[in-house]
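The values are calculated or read from the model by the stated rules, or taken from the named source; none is laboratory data. Here the structure is a predicted model, which is why all the values come from computation and not from measurement. In this analysis, Cβ positions are derived from the backbone assuming ideal geometry, glycine residues included, and neighbour counts consider all displayed protein chains.
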């Protein structure tokens, strides 16, 4: 199994395969064994043996490791989860509200907002009919409506901009 591990600001690729571990380009004979009745595990890497206590962190993949008396904060995720985390982190860095896009081709049934309206996260903005079902499209974040491009009775393609939102003005 391959993991992406962040330790002290450094990102490492670790692949565990039976009785060996590969870190970057280096392969090591390695094993991990529990000491019954304790949270302590013995980590053998080559001929060296280390005392390890691992505690789960606040979220998935976060760990506090006590390795031979040294405390290390780390995050270890499999490749799939690391990719998802990286993608969601980059999306979270985007500034300001995103425009409301048509998730599928359909027919605009109703537009519930006008330019200048202040909308809250989760508020319904446009209703689009697709495959004989009405779908209410909602704001993902709070914002101010800067443009309404959807027109009731108009057909739209997937990805069409229906409503543009700007940031909520500071008070």
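The condition (being farther than 30 Å from residue 43 by Cα and surrounded by 13 or more Cβ atoms within 10 Å (Cβ to Cβ)) is satisfied by just one residue among 101, 77: 101. Residues that are part of a loop (DSSP other than H, G, I, E, B) and in contact (Cβ under 8 Å) with a residue 12 or more places away in the chain were ranked within segment 1-31; the one that is farthest from the chain's Cα centre (by Cα) is 19. Could you tell me whether segment 59-67 includes any residue that is loosely packed, with under 13 Cβ neighbours inside 10 Å and under 20 Å from residue 6 (Cα atoms)? Yes, that holds for at least one residue.
Conditions tested, residue by residue: (1) within 30 Å of residue 53 (Cα to Cα); (2) at pLDDT below 90; (3) in contact with a helix residue (DSSP H, G or I) (Cβ under 8 Å, 6 or more places away or on another chain); (4) not in a strand (DSSP E or B).
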| residue | (1), (2), (3), (4) |
| --- | --- |
| 74 | yes, no, no, no |
| 81 | yes, yes, no, yes |
| 86 | yes, yes, no, yes |
| 113 | no, no, no, yes |
| 122 | no, yes, no, yes |
| 153 | no, no, no, yes |
| 168 | no, yes, no, yes |
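Condition check: farther than 11 Å from residue 102 by Cβ and either outside the structural domain of residue 106 (by TED's automatic domain parsing) or modelled with pLDDT of 95 or more (or both). Does residue 148 satisfy that? In short, yes.
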